[in-house]
Amino acid sequence: MTSFTRIADHERPAISVDARAVIADIDDNIYGGFTEHIGRCIYGGIYDPGNPLADENGFRKDVIEALRELRVPVIRYPGGNFVATYHWLDGVGPKADRPKRPELAWDGIESNQFGTDEFLKWCEVVGTEPYFCLNFGTGTLDEALGWVEYCNSDKDTYYANLRRKHGRQEPYNVKYWALGNEVWGPWQVAQMTKEDYANKAYQWAKAIKMLDPSECIKPNLHALGGSTTVGLIDMHSIHIYTTSPEHVKNATAPRAAERHIEITAGLIDLARAENHIPPTVPRQKICFDEWNVWDPVRAPGEQGAEQLFTLSDALAVGVWLNVFVRQAKHVGMANIAQSVNVISPLMTTSDGGLVKQTTWWPLLLFSKYMRGKTLAVNVRSGEYRGETSPAWVRGSMDTPWLDVSAVLDNGVVNLAVVNVHEQLDFVTEVAGILQASGQQQVEIYTVTGPGVDAVNTQEKQEVGITEQTWDGRGIYTFPKHSLTLLRWTLP
Ligand code: AHR
């Protein structure tokens, strides 16, 4: 949470943080990922048998290493839109027997050479929790229950035994299950009304909890409300992608996501109030299980959505991550869409090697340092006052030149500041308990590049992290178009 005071651009900005002003615990799961059967995310991304960089399972070792470095705590699979016609049984058992199917969401052919057991094994190798999305399009409840049983049951029953027959004795204990994906959208196979969705989500959640009460179940927003769903559903899912061809509109667009979080949290409270839910029942959190900067015109899904990100996009990702830290009270999980090749910070190349796009660097810094507890921050800064993307953000949210969040993590205060201004450096008072600590060495990490259009490709790396220290004395200059992460170790 930040409080914001607008000043003129020529006045001196100020940021004040108090390490005692803890607001909320940050769920590590806000640094989650997402892998879908689309483009080169699975095939050629995480799974590439025959590639010299693949291990004995066909998993790309360089990708595994990068995701470990990111400490990705949870990864969603297998879609996305893909899941609306996905039958998990097609993707288990001997590979030679697995059927090829038409893939309707992205107009492809699904070979099913990578499926449940491969994904769960890959998660174990990466060191991340799997999160499955159920087929609410052509799938049946019976099939969904079979999938839960296959993954999680230790009993002597058909699907648990099928898993054993396929070589896995112990249950995988998949904890997170989503009830469909974006079922409201006209692009979905089997689009639904909110009433139909709410009813189906309730019936499926009830049955899954009967099979295994420990499952964590997430519908999308349409299932909000109804006292009956409260004990069954653990989080509500929302998705947003932001973009604009104009830099400042692009970098401030994630403020729309912040408002969506606030609105969704309000709706959750409304549903609780209207249904007289006792305070002893935990308040459901938001699962932001698809987010990113995505321009589907630059990077169409049907062509694999391989978006080349700019420094402007990296700053937008910095603002996105500030949003999740500020709104930690409401957000139980967030999953960048996607983890490899598809609208991703991480790109595999055909001749080996990995490109870390501009957006990799803010993600890495946040995932490394912006954990623990959210701190209140006071920001005094000039503000971008032009048109926003989407337009309704103007009038609803502030769009300061300095977008800020702060955390307390094991005795270290970490402050993230995105200066979205394309031309101006801001000489800023950095005050509060940080200064009182009298510490002289503040670690500083800066992400920037020659201009907002800078990109990273196999040939050139224009955006990265530079490191320095600062004596912590009062004034710090935040360079134009940059993300700065400052770290104070408390005495
Ligand atoms: O991440 C790409 C697609 O965007 C997902 O499949 C879908 O859920 C969303 O619309």
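Tell me, please, whether a residue that is in contact (Cβ under 8 Å) with a residue 60 or more places away in the chain, buried (at least 21 other Cβ atoms within 10 Å of the Cβ) and away from the ligand (no atom under 16 Å from the Cβ) can be found in the range 132-147. Yes: the range 132-147 contains one or more residues that are in contact (Cβ under 8 Å) with a residue 60 or more places away in the chain, buried (at least 21 other Cβ atoms within 10 Å of the Cβ) and away from the ligand (no atom under 16 Å from the Cβ). Could you check, for the range 79-96, whether at least one of its residues is touching a residue at least 40 places away in the same chain (Cβ under 8 Å), within 29 Å of Trp361 (Cα to Cα) and not in a helix (DSSP H, G or I)? Checked against the condition, which is being touching a residue at least 40 places away in the same chain (Cβ under 8 Å), within 29 Å of Trp361 (Cα to Cα) and not in a helix (DSSP H, G or I), the range 79-96 yields at least one hit.
Looking at Val293, is it at pLDDT 95 or above, of a type outside the set (S, T, N, Q) and more than 15 Å from the chain's Cα centre (by Cα)? Walk me through how you get there before you give the answer.
Numbers: at pLDDT 95 or above: yes; of a type outside the set (S, T, N, Q): yes; more than 15 Å from the chain's Cα centre (by Cα): no.
Spelling it out, it is not the case that Val293 is at pLDDT 95 or above, of a type outside the set (S, T, N, Q) and more than 15 Å from the chain's Cα centre (by Cα).
Contact annotation: residue pairs with Cβ atoms under 7 Å, 6 or more positions apart or on different chains, pairing a residue in the range 202-214 that is outside any loop (DSSP other than H, G, I, E, B) with a partner that is open to solvent by 70 Å² or more (accessible area, probe 1.4 Å), are Tyr202/Thr228. Here Tyr202 meets the list (1) of a type in the set (Ser, Thr, Tyr); (2) in contact with a helix residue (DSSP H, G or I) (Cβ under 8 Å, 6 or more places away or on another chain); (3) within 16 Å of the ligand (Cβ to nearest atom) almost entirely, failing just condition (3).
A quick yes/no check of all residues on (1) open to solvent by 20 Å² or more (accessible area, probe 1.4 Å); (2) over 24 Å from the mean Cα position of the chain (by Cα):
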{"position": "Gly395", "(1), (2)": "yes, yes"}
{"position": "Thr399", "(1), (2)": "no, no"}
{"position": "Asn414", "(1), (2)": "no, no"}
{"position": "Gln441", "(1), (2)": "yes, yes"}
{"position": "Tyr445", "(1), (2)": "yes, no"}
{"position": "Pro450", "(1), (2)": "yes, yes"}
{"position": "Asp453", "(1), (2)": "yes, no"}
{"position": "Asn456", "(1), (2)": "no, no"}
{"position": "Lys460", "(1), (2)": "yes, yes"}
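The set of residues in the range 241-274 being of a type in the set (Asp, Glu), at pLDDT 95 or above and part of a helix (DSSP H, G or I) consists of Glu258, Glu262.
Across the range 388-405, the number of residues qualifying as within 18 Å of Arg371 (Cβ to Cβ) and touching an Asp or Glu at 6+ places or on another chain (Cβ under 9 Å) comes to 0. Among (1) open to solvent by less than 10 Å² (accessible area, probe 1.4 Å); (2) away from the ligand (no atom under 16 Å from the Cβ); (3) of a type in the set (Val, Ile, Thr), where does Ile75 come up short? Among (1) open to solvent by less than 10 Å² (accessible area, probe 1.4 Å); (2) away from the ligand (no atom under 16 Å from the Cβ); (3) of a type in the set (Val, Ile, Thr), the lone unmet condition for Ile75 is (2). Answer yes or no: is there a residue in the range 96-103 that is open to solvent by 20 Å² or more (accessible area, probe 1.4 Å), out of contact with any strand residue (DSSP E or B) (no Cβ under 8 Å at 6 or more places or on another chain), among the hydrophobic types (A, V, I, L, M, F, W, C) and closer than 25 Å to His236 by Cα. For the range 96-103, residues open to solvent by 20 Å² or more (accessible area, probe 1.4 Å), out of contact with any strand residue (DSSP E or B) (no Cβ under 8 Å at 6 or more places or on another chain), among the hydrophobic types (A, V, I, L, M, F, W, C) and closer than 25 Å to His236 by Cα: absent. Counting the residues of the range 112-130 that are open to solvent by 10 Å² or more (accessible area, probe 1.4 Å) and in a loop (DSSP other than H, G, I, E, B) gives 3. When each of Asp269, Asp313, Asp234, Asp289 is tested for being among the charged types (D, E, K, R), more than 13 Å from the ligand (Cβ to nearest atom) and surrounded by 24 or more Cβ atoms within 10 Å (Cβ to Cβ), the lone residue that passes is Asp313.
Considering the range 423-479, the qualifying strands (runs of 3 or more DSSP E), each wholly inside and each with 1 or more residues that are at pLDDT 95 or above and in contact with a Lys or Arg (Cβ under 9 Å, 6 or more places away or on another chain), run over 426-432, 442-448, 464-470. Residue count for the range 330-356 satisfying the condition of being away from the ligand (no atom under 16 Å from the Cβ) and out of contact with any Gly (no Cβ under 7 Å at 6 or more places or on another chain): 11.
From the set of residues in the range 150-192 that are part of a helix (DSSP H, G or I) and under 18 Å from Phe132 (Cα atoms), which is most open to solvent (accessible area, probe 1.4 Å)? Going through the qualifying residues, I end up with Tyr159. State all residues of the range 13-56 that are at pLDDT 95 or above, out of contact with any Asp or Glu (no Cβ under 9 Å at 6 or more places or on another chain) and of a type in the set (D, E, K, R); if no residue qualifies, say none. Those that are at pLDDT 95 or above, out of contact with any Asp or Glu (no Cβ under 9 Å at 6 or more places or on another chain) and of a type in the set (D, E, K, R): Asp25, Asp27, Asp28, Glu36, Asp48, Asp55, Glu56. Ala376 satisfies every condition listed in (1) at negative phi; (2) out of contact with any Gly (no Cβ under 8 Å at 6 or more places or on another chain); (3) assigned to a loop (DSSP other than H, G, I, E, B) except (3).
Just checking, how many residues over the range 78-106 are within 13 Å of the ligand (Cβ to nearest atom) and of a type in the set (Asp, Glu)?
The total comes to 1.
The values are calculated or read from the model by the stated rules, or taken from the named source; none is laboratory data. Keep in mind that this is a model prediction, so the values were computed, not measured. Counting neighbours? That spans all protein chains shown, and the Cβs are built from the backbone with ideal geometry, glycine included. Side chains are part of the model used for accessible areas, which takes the heavy atoms of the whole protein and leaves out ligands, DNA and RNA. Shrake-Rupley method; radii C 1.70, N 1.55, O 1.52, S 1.80 Å.
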